[in-house]
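K.L.:
Below is the structure I would like to discuss, written out as structure tokens.
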Amino acid sequence: MSLIYSNTPIYIGQPNTSDVNTGFTGAIDYIPALSSDISLQTSYNPKRNLGDDVVTSDQFTFDAALASTISIESLIQEGLSEGFRYLSGTTSVQEAFVPIKIGENLYQKCYPTDISISVEPFVPVKIRANFVCLDPPVGTNISGDSKTIYETSGIPISGDSIVYGHTCSVTNMAEAVGSVQSRVSFTRSYNRSPVYNLGSINASSMLLDGIEEELSITSTGLGSLIDLSGQLLAGSIGVSLENTEESFDNGALYQIMTMAAGSRVINQGYGVVGGETVKTSVTLNQIKL
């Protein structure tokens, strides 16, 4: 029997742990995911020796660890923020790994490599996250969970609890752009290096070398035109993620989309089409680590 979406709920556990909580007790690690993509890729070379025929059962050599990546796109819902604890701004959390469970398949030692958040009017806010997994469940079958999606508290997804672009609030945008914003996108990139131990094929962990964040805004105006060093922000600029009642306790998502004072506008652009208003765009960047 084929697996369907309701049989493959996604959970992202607490940083530096080996399992997830499906919500029957304690925190709810479930995230309201829209899609997931898992890739397992070997690093191989043809095995050819001078004077020998290719052996049918031994055609390749494998000279690197199995590459395992996970991509997840998710909505944001009130009461379901524990699954996004890996986004916390503390350095210790940014360095940590998380377990990810998709259906009944548990992927351990998953490190986020980049995340993006898109905010547009009348459209649900979406988070897209990519992970590299050092300990995938190799040798097991794909299996689904037929009961958890219905029995866990807070599931399934609830309409009015979803965060939409038009319900979010912005702070201090006028420092960089006009007072009317039509779209905001946020990205965070992690620079990581794998750690290998002598005698081990797979990496044991990953070191965090740096974090950069970028906020792009489309609007109808600009604060001022930048020079060769961009524009230094005197105050912070941010987007608060809120639901339709503007009462959403962001939890682990609090102040995620914030560019602190000292960040810089590194890119600007504007233009106009006949019969329309001027459209502007700015990109802000900050180095977190």
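K.L.:
Given R₀ = 30 Å, FRET efficiency for residue 4-residue 67 by Cβ-Cβ distance, to 0.05?
P.N.:
That gives a FRET efficiency of 0.60.
K.L.:
Report the FRET efficiency, 1/(1 + (r/R0)^6), for residue 142 and residue 172, where r is their Cβ-Cβ distance and R0 is 45 Å, rounded to 0.05.
P.N.:
It comes out at approximately 0.45.
K.L.:
For the chain, what relative contact order do you get, as a whole percent, if you take Cα pairs closer than 8 Å and at least 6 residues apart? Display every interim value, and only then the final one.
P.N.:
Details: 710 pairs, mean separation 50.6, N = 289.
Computed over the chain, the figure is 18 percent.
K.L.:
Along its principal axes, what span do the Cα atoms of segment 165-281 show, with the longest given first and each in whole Å?
P.N.:
Principal-axis extents of segment 165-281 (Cα, largest first): 67, 42, 30 Å.
K.L.:
In this model, which of 109/279; 101/288; 126/279 are farther than 32 Å apart at the alpha-carbon?
P.N.:
Numbers: 109/279 43 Å; 101/288 29 Å; 126/279 24 Å.
Result: 109/279 exceed 32 Å.
K.L.:
Principal axis extents for the chain, Cα atoms only, whole Å, descending order, please.
P.N.:
Taking the Cα atoms of the chain, the three principal extents are 71, 52, 41 Å.
K.L.:
Next question, about the same structure. Relative contact order (percent) for segment 189-289, with alpha-carbon contacts under 8 angstrom and 6 or more residues of separation?
P.N.:
Values: 176 pairs, mean separation 32.1, N = 101.
Here the relative contact order equals 32 percent.
K.L.:
For segment 183-229, treating each Cα as an identical point scatterer without solvent, what Debye log10 I(q)/I(0) comes out at q = 0.25, 0.30 1/Å?
P.N.:
Log-scaled intensity ratios, in q order: -0.97, -1.05.
K.L.:
OK, next. Write down, largest first, the equivalent ellipsoid semi-axes of segment 60-126 in whole Å, where each equals the square root of 5 times an eigenvalue of the alpha-carbon gyration tensor.
P.N.:
27, 16, 13
K.L.:
Also, quick follow-up: If you stretched the chain out fully between residue 273 and residue 202, how much longer would it get, using 0.36 nm times the residue separation minus the C-alpha to C-alpha distance?
P.N.:
So the extension gain works out to 20.1 nm.
K.L.:
While we're looking at this one, here's another question. Before rounding to the nearest 500, sum -39500 (n - 2.57) across all DSSP H runs of length at least 4 in the chain and divide by the residue total; then give [θ] at 222 nm in deg cm²/dmol.
P.N.:
Only helices count here, giving -500 deg cm²/dmol.
K.L.:
Given a 10 angstrom Cα cut-off, can you work out which residue in 121, 15, 112 is the most mobile in a GNM of the chain?
P.N.:
Comparing 121, 15, 112 in the GNM, the peak value goes to 121.
K.L.:
Follow-up. Placing +1 on the Cβ of each Lys and Arg and -1 on the Cβ of each Asp and Glu in the chain, which of 134, 13, 65 has its Cα farthest towards the positive end of the resulting dipole?
P.N.:
Of 134, 13, 65, it is 65.
K.L.:
Between residue 254 and residue 17, take the C-beta separation as r, use R0 = 25 Å, and let me know the FRET efficiency to the nearest 0.05. Please report the intermediate quantities before stating the final value.
P.N.:
Numbers: r = 21 Å, r/R0 = 0.85.
The computed FRET efficiency comes out at 0.75.
K.L.:
So how strong a dipole does the chain carry about its Cα centre when Lys and Arg Cβ are +1 and Asp and Glu Cβ are -1, to the nearest 20 debye?
P.N.:
The dipole of the chain has a size of about 380 debye.
K.L.:
If you don't mind, there's one more thing I want to ask. Just want the answer: with Cβ charges of +1 for Lys and Arg and -1 for Asp and Glu, which residue in 258, 194, 22 is farthest toward the dipole's positive end in the chain?
P.N.:
194
K.L.:
Now for a different question. Given springs between every Cα pair under 10 Å in a Gaussian network model of the chain, which of 61, 113, 17 has the largest fluctuation?
P.N.:
Checking each option, the largest mean-square fluctuation is seen for 61.
Every number here is computed from the coordinates shown, using simple stated rules; none is lab data. This one's a predicted model, so the numbers in the text were calculated from it and none came from an experiment. We place every Cβ from the backbone using ideal geometry, glycine too, and count neighbours over all the protein chains shown.
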